[in-house]
1. Enumerate the whole-percent occupancy of each 10 Å bin, from 0 to the last occupied one, for all C-alpha pair distances of the chain.
2. Please give the peptides 58-68, 10-20, 42-52 ranked by average Cβ packing (other Cβ atoms within 10 Å per residue), highest first, as a rough proxy for protection.
3. Output ³J(HN,Hα) for segment 27-36: one whole-Hz value per residue in order, computed from phi by the Karplus curve 6.51 cos²θ - 1.76 cosθ + 1.60 with θ = phi - 60°, and x for Gly and Pro.
4. Quick one: which residues, 5+ away or cross-chain, put their amide H under 5 Å from the amide H of residue 38? H built at 1.01 Å from N.
5. What angle do you read, to the nearest 10 degrees and between 0 and 90, between the alpha-carbon axis of helix 71-84 and the longest principal axis of the chain?
6. For the chain, take the longest principal axis of its alpha carbons; what is the angle in degrees between that and the long axis of helix 10-25, to the nearest 10 within 0 to 90?
7. Go through segment 43-57 residue by residue and turn each phi into a ³J(HN,Hα) via Karplus (6.51, -1.76, 1.60, θ = phi - 60°); whole Hz please, and just put x for glycine and proline.
8. Taking 0.36 nm per intervening residue step and subtracting the Cα-Cα distance, what contour gain separates residue 58 from residue 71 on full extension?
Amino acid sequence: MTVDLAGFSPDRLLRVGRVLDGAIDRSEIADAVSIIYRRGKIVRVDVVGLQNRERRIETRRDTIFPIASTTKPVTAVALLILTEEGIVRLDDPV
C-alpha cells in the first residue's frame, strides 16, 4: 500500500516524532499533539506525553489545550501563510 505524503520526505516526517519525544524525555513539555496537513490530507499525526502526570492520563488526539495568549500562535500562522504565498521569506530581516 502506498501512502501519499503530499510531497514530504518520509525521513523528515519521522523527525517530528523524535523531536517531540526528546522534548518529553527532557521534561521541556508535558505533552503535545502535532498534525501535519497538506494538500487536503493529514500526512502525519503525533500524540505524545501525559495530559495529567499524577493520574497518568495520556494525551489523546482530541485533547483540548488551554492557550493563555493567542498573539504568538496567530502571528506564527500569519507568517506561515505569507511565507507560503511568497510574500515573506523566513530569512528576511525583521
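Laboratory data are not the source of any read-out in this text; all were calculated from the coordinates shown. Just so it is clear, the structure is predicted and the values come from calculations on it, not from any experiment. Positions of Cβ are backbone-derived with ideal geometry, glycine not excepted, and every protein chain shown enters the neighbour counts.
1. Bins of 10 Å from zero give 13, 32, 39, 14, 2 percent of pairs.
2. Values: 58-68: 9.6, 10-20: 12.6, 42-52: 15.5.
The peptides rank, most packed first, as 42-52, 10-20, 58-68.
3. Taking θ as phi minus 60°, the curve returns 6, 6, 9, 8, 7, 6, 10, 10, 10, 9 Hz for segment 27-36.
4. Excluding prolines and chain starts, which carry no amide H, the hits are 43.
5. Approximately 40 degrees, to the nearest ten.
6. Taking Cα atoms only, the helix is inclined about 40 degrees.
7. Coupling constants for segment 43-57: 8, 7, 10, 10, 10, 9, x, 10, 6, 9, 5, 4, 8, 6, 8 Hz.
8. Working: separation 13, 0.36 × 13 = 4.68 nm, distance 2.78 nm.
Extending this stretch completely gives an extra 1.9 nm.
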